[in-house]
Structures are given as structure tokens and as C-alpha cells.
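Following: one structure in C-alpha cells, then a few remarks.
Derivation of every value follows stated rules applied to the coordinates shown; laboratory data play no part. As the structure is a computational prediction, the values presented were derived from the model and not from experiment. With ideal geometry, Cβ positions are generated from the backbone for all residues, glycine too; neighbour counts draw on all protein chains shown.
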């Protein structure tokens with residue numbers, strides 16, 4: 001288990017967050033796919049804002065969005081939109097070329 005302070009220290013561009021949502025439709029999706037999670041997001045870090053993590057994700061209502069972790073974390077936890085959030089660090093060398101998303 002990774003606690004939030006450790007997550008904030010370790011997370012970097014390209015890492016993943018896996019979500020287990022609390023909604024009925026998401027429970028059905030996990031049952032049909034035999035999966036543990038129903039949503040995924042990619043972490044981005046920017047030099048211009050080094051103390052913040054950004055999360056890029058596709059949603060059914062807003063399309064692809066970029067959100068700050070400090071705002072998104074309010075949706076995470078028991079009886080919230082996301083029951084469980086799992087951090088997966090992707091082990092690769094991050095260079096300007098591999099992290100250039102534009």
C-alpha cells in the first residue's frame with residue numbers, strides 16, 4: 001500500500017492510476033470484464049508546477065480532461081466516486097523526447 005505522501009514523491013510523468021469506482025454501472029463493467037478496476041488515468045508532471053501532479057483521463061461526460069491531483073483526490077476514498085485508487089509506477093527513462101506529448 002502506498003500512502004499519499006509517498007505517492008506524491010514517487011509519481012512521475014507516464015505513471016498510471018487505476019480506479020475502482022463505486023457506481024452500479026462500473027460494478028457491472030468489472031463483473032463482465034472480470035477486472036479489478038474500471039478506469040485508468042495517466043500522470044503528468046510539469047516543470048512550471050513542480051509541486052502538483054496532473055491527471056489526464058477520458059470521461060463519459062467531458063471527454064479527455066486534465067485535472068489536478070489536489071482537486072481529484074477529493075473524489076477518492078470509501079463511499080466516494082472512486083472507492084480505490086492504485087498507483088502503478090512505469091519504470092522507464094524519462095527524457096524530453098519520451099515525455100513530449102505535444
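Taking the numbered list (1) part of a loop (DSSP other than H, G, I, E, B); (2) free of Cβ contacts under 8 Å to residues at least 24 places away in the same chain; (3) surrounded by fewer than 12 Cβ atoms within 10 Å (Cβ to Cβ) in turn, residue 52 passes all entries but (3).
Go through (1) without any contact (Cβ under 8 Å) to a residue 60 or more places away in the chain; (2) surrounded by fewer than 16 Cβ atoms within 10 Å (Cβ to Cβ); (3) touching a strand residue (DSSP E or B) at 6+ places or on another chain (Cβ under 8 Å); (4) not in a strand (DSSP E or B) and name the single condition residue 58 misses. Unmet condition: (4). For the range 61-89, residues that are assigned to a loop (DSSP other than H, G, I, E, B) and surrounded by fewer than 11 Cβ atoms within 10 Å (Cβ to Cβ) total 4. Take the conditions (1) at positive phi; (2) part of a strand (DSSP E or B); residue 41 misses just one of them, which is (1).
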